[in-house]
Amino acid sequence: MVSVMDEVRQAMARLLALAPAAVASRRVLVGGVPWHFLEAGAGPPLLLLHGGGGGGANWYRLFPLLGPSFRLVAPDLPGFGLSPDIPPRPPLGPQAAHLLAAVLDALGLARVSVLGTSFGGLAALRLAQHFPQRVERLVLLDSAGLARGIPWTVRVGTRPLLAPLTMRPAERGSRWLLRRLLTSTPLAPDHERALVGWLAAVGRAHSRRPLQLFAGWRGQREVLTGSELRALALPVLVLWGEHDRFFRLVQAQAAVRHLAGGRLQVLSKAGHSPNWECPGLVAEQVTRFLSAQH
């Protein structure tokens, strides 16, 4: 009988096969817990932080594009991919930041650039805030943590009695989520099938409780204030899908005004997941930003 984690491994393999690259699946012990991560490429280290579904394999389309220029480290955050669940402790952002700092210690990485999308963007912001000496440059891709706004379906999904109707881990629910909220332009059928299978498999394997700690009926629970954003003393590139239906573009436009070292680049052909919808544009912008002279 195939276990739920075997299903996750198989779904991850199908996803990675769509954008062939030399990607290694590894584990690192942090506090006695074996955290899973994917690694590819060579060069300056770039930490890739996924959003609130799937795991490190979400970056599958960027591995072959960024790997030639950077050493890519894409962890499965707790409760995603092949990493174990841990008791979530609100606020989630600082908890993730402290865990990531410990992962960097275990990997011998003193300082990295970070690319975070959705919830991974919030984790990246908290890492830069709590451990400024560890983050050289920051790229936020349709990031959480900049405003309270979220879709009504996600708000409903945080209600215990209604969550099964809106945030199903089955393929049907994952397909609806992918088409209606996570993307704005149709994906190639083979990519959609693989992503649906991946998101559904991870959803079946892990607890949904972190969603209720991330958001509630009023929206995102954890939002950085203007003063917190102004205190970030590092270069920040904010990449945003023009048609993002999950976090609206106005969130990025308002937040970037507080970032002393920040600039906004709008991606006209994308929604909430430019790493799936227009990976070439994302890779081009990220490479140019991270390779620029200080």
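The values are calculated or read from the model by the stated rules, or taken from the named source; none is laboratory data. Predicted model only: the values in this text are computed from it and were never measured. Here the Cβ is made from the backbone with ideal geometry for all residues, glycine too, and neighbour counts use every protein chain on show.
Within the range 226-267, how many residues turn out to be out of contact with any His (no Cβ under 7 Å at 6 or more places or on another chain), of a type in the set (Gly, Ala, Ser) and touching a residue at least 40 places away in the same chain (Cβ under 8 Å)? Step through it out loud before you land on a result.
Within the range 226-267, the subset out of contact with any His (no Cβ under 7 Å at 6 or more places or on another chain) is 227-228, 231-240, 242-243, 248-267.
With the extra rule that they be of a type in the set (Gly, Ala, Ser), the set shrinks to 227, 231, 233, 252, 254-255, 260-262.
Keeping just the survivors that are touching a residue at least 40 places away in the same chain (Cβ under 8 Å) gives 231, 233, 252, 254-255.
Of the residues in that region, 5 qualify.
Any residue at all in the range 133-142 that is assigned to a helix (DSSP H, G or I), touching a residue at least 60 places away in the same chain (Cβ under 8 Å), touching a helix residue (DSSP H, G or I) at 6+ places or on another chain (Cβ under 6 Å) and not small (Gly, Ala, Ser)?
Taking the range 133-142 as the starting set, the residues that turn out to be assigned to a helix (DSSP H, G or I) are 133-134.
Applying the additional criterion that residues be touching a residue at least 60 places away in the same chain (Cβ under 8 Å) yields none.
Checking the range 133-142: not a single residue is assigned to a helix (DSSP H, G or I), touching a residue at least 60 places away in the same chain (Cβ under 8 Å), touching a helix residue (DSSP H, G or I) at 6+ places or on another chain (Cβ under 6 Å) and not small (Gly, Ala, Ser).
Restricting to the range 98-127, name every residue that is surrounded by 23 or more Cβ atoms within 10 Å (Cβ to Cβ), of a type in the set (Gly, Ala, Ser) and not in a strand (DSSP E or B).
Gly120, Gly121, Ala123, Ala124
For Ser83, are the conditions met, namely being polar (S, T, N, Q), in contact with a His (Cβ under 7 Å, 6 or more places away or on another chain) and modelled with pLDDT of 95 or more? Show your work before the answer.
On the way: polar (S, T, N, Q): yes; in contact with a His (Cβ under 7 Å, 6 or more places away or on another chain): yes; modelled with pLDDT of 95 or more: yes.
Yes, satisfied.
Let's see how each residue does on (1) outside any loop (DSSP other than H, G, I, E, B); (2) out of contact with any helix residue (DSSP H, G or I) (no Cβ under 8 Å at 6 or more places or on another chain):
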residue	(1), (2)
Gln10	yes, no
Arg14	yes, no
Leu18	no, no
Ala21	no, no
Glu39	yes, yes
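From the list Leu181, Leu239, Leu259, pick out the single residue that is modelled with pLDDT of 90 or more, surrounded by 16 or more Cβ atoms within 10 Å (Cβ to Cβ), outside any helix (DSSP H, G or I) and touching a Pro at 6+ places or on another chain (Cβ under 7 Å).
Details: Leu181 fails: outside any helix (DSSP H, G or I); Leu259 fails: touching a Pro at 6+ places or on another chain (Cβ under 7 Å).
Of the residues listed, the single one that is modelled with pLDDT of 90 or more, surrounded by 16 or more Cβ atoms within 10 Å (Cβ to Cβ), outside any helix (DSSP H, G or I) and touching a Pro at 6+ places or on another chain (Cβ under 7 Å) is Leu239.
For residues that are in a helix (DSSP H, G or I) and crowded, with 20+ Cβ neighbours inside 10 Å, tally how many sit in the range 66-94.
Taking the range 66-94 first, the residues in a helix (DSSP H, G or I) are 66, 92-94.
From what's left, crowded, with 20+ Cβ neighbours inside 10 Å: 66, 92-93.
Looking only at that region, the number is 3.
Among (1) assigned to a helix (DSSP H, G or I); (2) modelled with pLDDT under 95, there is one condition Phe246 misses while meeting the rest; what is its number?
All conditions are met except number (1).
Collect the residues in the range 263-282 that are over 13 Å from Pro235 (Cα atoms) and over 15 Å from the mean Cα position of the chain (by Cα), keeping them in residue-number order.
So in the range 263-282, the residues over 13 Å from Pro235 (Cα atoms) come out as 265-282.
Within the range 263-282, Gln265, Val266, Leu267, Ser268, Lys269, Ala270, Cys278, Gly280, Leu281 qualify.
If I filter the range 41-65 down to residues being over 19 Å from Leu290 (Cβ atoms) and part of a loop (DSSP other than H, G, I, E, B), which single residue comes out as nearest to the chain's Cα centre (by Cα)?
My answer is Gly51.
One residue is enough: does the range 154-169 have a residue meeting the conditions modelled with pLDDT of 95 or more and either touching a His at 6+ places or on another chain (Cβ under 9 Å) or of a type in the set (Lys, Arg) (or both)? It would help to see each step written out before you state the result.
Step one: filter the range 154-169 for residues modelled with pLDDT of 95 or more, giving none.
For the range 154-169, residues modelled with pLDDT of 95 or more and either touching a His at 6+ places or on another chain (Cβ under 9 Å) or of a type in the set (Lys, Arg) (or both): absent.
Which residue, of Gly55, Gly41, Gly51, is without any contact (Cβ under 8 Å) to a residue 60 or more places away in the chain, crowded, with 17+ Cβ neighbours inside 10 Å and of a type in the set (Gly, Ala, Ser)?
On the way: Gly55 fails: without any contact (Cβ under 8 Å) to a residue 60 or more places away in the chain; Gly51 fails: without any contact (Cβ under 8 Å) to a residue 60 or more places away in the chain.
When all the criteria are applied, what remains is Gly41.
Among the residues of the range 128-141, what is the count of those that are in contact with a Ser or Thr (Cβ under 6 Å, 6 or more places away or on another chain) and either of a type outside the set (A, V, I, L, M, F, W, C) or surrounded by fewer than 19 Cβ atoms within 10 Å (Cβ to Cβ) (or both)?
Taking the range 128-141 first, the residues in contact with a Ser or Thr (Cβ under 6 Å, 6 or more places away or on another chain) are 136-137, 141.
Filter once more, keeping what is either of a type outside the set (A, V, I, L, M, F, W, C) or surrounded by fewer than 19 Cβ atoms within 10 Å (Cβ to Cβ) (or both): 136-137.
Count: 2.
Here are some residues: Ala283, Ala254. Which one is more than 21 Å from Ser113 (Cβ to Cβ) and part of a helix (DSSP H, G or I)? Even if it seems obvious, please write down each step before you answer.
Values: Ala283 fails: more than 21 Å from Ser113 (Cβ to Cβ).
Result: Ala254 is the single residue among Ala283, Ala254 that is more than 21 Å from Ser113 (Cβ to Cβ) and part of a helix (DSSP H, G or I).
Would you check which residues across the range 269-291 are farther than 18 Å from Leu72 by Cα and without any contact (Cβ under 8 Å) to a residue 40 or more places away in the chain and list them?
Scanning the range 269-291 gives a single hit, Cys278.
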